[in-house]
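Asker: Below are the structure tokens for one structure; questions will follow.
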Amino acid sequence: MVEVRFLGHAATWIRAAGKNILIDPFLTGNPLAPLGPDEVEADLIVLTHAHGDHWGDTLKIAERTGATVVSTFEIATYAQNRGAQAWAMNIGGTYAFEGGWLKFFPAWHSSSFPDGTYGGMPMGVVVELEGKRIYHAGDTALFSDMRLIGEQGLDLALVPIGDTFTMGPDDALRALELLRPKGVVPIHYNTFPPIQQDPVAFTDRAGALGFEVFPLKPGESLALE
Ligand code: NI
Ligand code: MN
């Protein structure tokens, strides 16, 4: 069983068979976060890009848990220079670990750290654990190559719907048509005033297109089995 727990904004905690994968752990300063950085476990911390609302508590969590930071060359180097273990990658690369693998895909966005340091290209990521394949789109606009990401089959897709900084609900629905996932979790909305959206309306609209949406509240989780 793979558990996918939504921690508010884009923060996602994937757990399976003793493996903890934390994606974009922005908890401190995240008004929606149900947990603090001392309440999560991590073997891997995966970062889609360097913006503060994704990089978040990476260093604090890495220091406590000994987790390996897996991301772009630029983000991995930045983390390593600040004492974290890190594994440098880039778009297109696969990282294999006991029980699964993850692979980075493009995202249309930007990526710099809160201090202005360049973070490399922004990315989305597909994580496979126990045969379940989960796509976390990161921050992105709609792009037609999402079709390639969906082609090999997705059990779950976490897609931003907030608009302003990423695609909004209209383009997220078009993204689903390309990705064709079995399940959908909307992310990156309602954290701040510029990204207010109605997840129930999105769920209804996606449902009318045949997609099953789980509008998880921060702290809620979904079991893939
Ligand atoms: Ni961003
Ligand atoms: Mn963001």
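Asker: Residue check: is residue 94 modelled with pLDDT of 95 or more, among the hydroxyl-bearing types (Ser, Thr, Tyr) and touching a Lys or Arg at 6+ places or on another chain (Cβ under 7 Å)?
Answerer: For residue 94, the condition - modelled with pLDDT of 95 or more, among the hydroxyl-bearing types (Ser, Thr, Tyr) and touching a Lys or Arg at 6+ places or on another chain (Cβ under 7 Å) - is met.
Asker: Something else now. Select from the range 160-208 the residues that are within 18 Å of the chain's Cα centre (by Cα), part of a helix (DSSP H, G or I) and among the β-branched types (Val, Ile, Thr) and list them in ascending order.
Answerer: Hit for the range 160-208 is 195, nothing else.
Asker: Continuing with this model, one more query. Determine whether residue 76 is touching a helix residue (DSSP H, G or I) at 6+ places or on another chain (Cβ under 6 Å), closer than 19 Å to residue 26 by Cα and without any contact (Cβ under 8 Å) to a residue 60 or more places away in the chain.
Answerer: no
Asker: While we're looking at this one, here's another question. Kindly list the number of the only condition in (1) within 16 Å of ligand 2 (Cβ to nearest atom); (2) of a type outside the set (Val, Ile, Thr); (3) surrounded by fewer than 22 Cβ atoms within 10 Å (Cβ to Cβ) that fails for residue 85.
Answerer: Condition (1) is where residue 85 drops out.
Asker: Can you run down the residue pairs with Cβ atoms below 6 Å, 6 or more apart or on separate chains, where the first is in the range 199-213 and without any contact (Cβ under 8 Å) to a residue 60 or more places away in the chain and the partner is part of a helix (DSSP H, G or I) and not hydrophobic (A, V, I, L, M, F, W, C)?
Answerer: Cβ pairs passing all conditions: 202/169; 213/203.
Asker: Listed residues 119, 131, 150; which is of a type outside the set (A, V, I, L, M) and within 11 Å of ligand 1 (Cβ to nearest atom)?
Answerer: Exactly one residue qualifies, and that residue is 119.
Asker: Consider residue 178 carefully, then state whether it is touching a helix residue (DSSP H, G or I) at 6+ places or on another chain (Cβ under 9 Å), among the aliphatic types (A, V, I, L, M), touching a residue at least 12 places away in the same chain (Cβ under 8 Å) and surrounded by fewer than 19 Cβ atoms within 10 Å (Cβ to Cβ).
Answerer: Details: touching a helix residue (DSSP H, G or I) at 6+ places or on another chain (Cβ under 9 Å): yes; among the aliphatic types (A, V, I, L, M): yes; touching a residue at least 12 places away in the same chain (Cβ under 8 Å): yes; surrounded by fewer than 19 Cβ atoms within 10 Å (Cβ to Cβ): yes.
Spelling it out, residue 178 is indeed touching a helix residue (DSSP H, G or I) at 6+ places or on another chain (Cβ under 9 Å), among the aliphatic types (A, V, I, L, M), touching a residue at least 12 places away in the same chain (Cβ under 8 Å) and surrounded by fewer than 19 Cβ atoms within 10 Å (Cβ to Cβ).
Asker: Working carefully through the options 191, 140, 203, 166, find the one that is surrounded by fewer than 23 Cβ atoms within 10 Å (Cβ to Cβ), of a type in the set (Val, Ile, Thr) and within 16 Å of ligand 1 (Cβ to nearest atom).
Answerer: 191
Asker: How many residues are buried (at least 22 other Cβ atoms within 10 Å of the Cβ) and more than 22 Å from residue 117 (Cβ to Cβ) if we restrict to the range 21-43?
Answerer: The total comes to 4.
Asker: Which residue, of 36, 8, is within 16 Å of ligand 2 (Cβ to nearest atom), farther than 21 Å from residue 154 by Cα, out of contact with any helix residue (DSSP H, G or I) (no Cβ under 8 Å at 6 or more places or on another chain) and small (Gly, Ala, Ser)?
Answerer: Only one candidate passes the filter, namely 8.
Asker: Tell me the residue from 55, 101 that is surrounded by fewer than 22 Cβ atoms within 10 Å (Cβ to Cβ) and closer than 21 Å to residue 157 by Cα, please.
Answerer: Values: 55 fails: surrounded by fewer than 22 Cβ atoms within 10 Å (Cβ to Cβ).
101 is the lone residue from the list that is surrounded by fewer than 22 Cβ atoms within 10 Å (Cβ to Cβ) and closer than 21 Å to residue 157 by Cα.
The values are calculated or read from the model by the stated rules, or taken from the named source; none is laboratory data. Everything quoted here is computed from the prediction, not taken from an experiment. Cβ coordinates were reconstructed from backbone atoms using ideal geometry, including for glycine residues, and neighbour counts include every protein chain displayed.
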